[in-house]
Amino acid sequence: MSIPEKTQPHGRRPLQSEFNDGRDYPRLGSVSFRRGTLTENQEKTWEEHWPQRGRELTNDPADQTIDIAGWFGREGHPTILEIGSGTGTSTVAMAPLEPDTNIIAVELYRPGLAKLLGASVRGGVDNIRMIKGDGVEVLNRMFPEASLDGVRIFFPDPWPKARHHKRRIIQSGTLHLIATRLKPGGVLHVATDHADYADWITELATAEPLLDYKGWPWAECPQLTDRQVITKFEGKGLQKDHTIAEFLWQRTADNVAEDTPDSVGDGSPSATTVT
């Protein structure tokens, strides 16, 4: 028996901040989720473990505040945010190799989060937490400036059609938003198997003055960069002879750019939040 995913109505606009800093940010418009199902075991695991390991971004201000130390039950540990974790294949493979790091996986698709939750519970991986929500909105609303040690974006949707390029998560504004959330010395790691998207990212590689582009590989990177496994999407790309392109940046020590994105509602980039 499988249990249908509880989804937003078709065409409902998600939470979306309106940034006013002249940079480009992903424009999602109205969205509808793929209908997914949870098995009975997944639903049972969700009901038992999600309240402690997961949370959902909503327009309730109470849902937009995270006490990282309280959530993980430990103080002073580095925190890495993974945006678009999918089913969490690489997330749950990497986390045991960095047990002293808090890993927060962000994903919109509930069945994907359920698979990650189940894998982490079965594997005894207790340094992973999950947020159901859009990555840009989670960054903008839930994390203050200089609060993260790393951000990972592995195989984001390439939105290959030219008219959809505005939906790509890697934009000048997103890079700036990520930079403001990273601590000095923090690392941004991006991977894609889509050649046009790789060219797109390459063109933006030096666009953000708060991020020092390190290229790939970067032997001195202070964080784990080996993704350990081939994800489903990466595997499909390799079957089509796609080349995997990876990118690494490090947050600069100084605030080179003094203009931060304006965002009303979270105290850091200035933007108007639209619910």
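Quick notes on this one:
- Cα centroid separation, segment 167-184 to segment 86-123 (Å): 22
- Segment 189-203 - phi-based ³J(HN,Hα) in whole Hz, Karplus 6.51/-1.76/1.60, Gly and Pro as x: 10, 10, 9, 8, 10, 9, 4, 5, 5, 4, 5, 4, 5, 4, 5
- FRET efficiency estimate (nearest 0.05) - Cβ-Cβ, E203 to E48, R0 45 angstrom: 0.45
- Entries of K44/K183; K161/K214; K132/K183 with Cα pairs more than 26 Å apart: K44/K183; K161/K214
- Database remark: amide H of L211 closer than 5 angstrom to the amide H of T252 (H placed geometrically; neighbours at sequence offset of 5 or more, or on other chains; Pro and chain starts carry no H).
- Surface analysis of segment 68-168 yields an accessible area of 34 Å² per residue, using protein heavy atoms and a 1.4 Å probe.
- Taking the accessible area of segment 123-167, probe 1.4 Å, and keeping the other protein chains in place, the carbon and sulfur fraction comes to 50%.
- Segment 30-117 - percent of accessible surface contributed by carbon and sulfur, probe 1.4 Å: 46
- Surface accessible to a 1.4 Å probe, F154 within the full protein complex, Å²: 10
The values are calculated or read from the model by the stated rules, or taken from the named source; none is laboratory data. Worth saying up front: this structure is predicted, and the values here are computed from it rather than measured. When we count neighbours, we look across all protein chains shown, and the Cβ atoms used for this are built from the backbone with ideal geometry, even at glycine. Side chains are part of the model used for accessible areas, which takes the heavy atoms of the whole protein and leaves out ligands, DNA and RNA. Shrake-Rupley method; radii C 1.70, N 1.55, O 1.52, S 1.80 Å.
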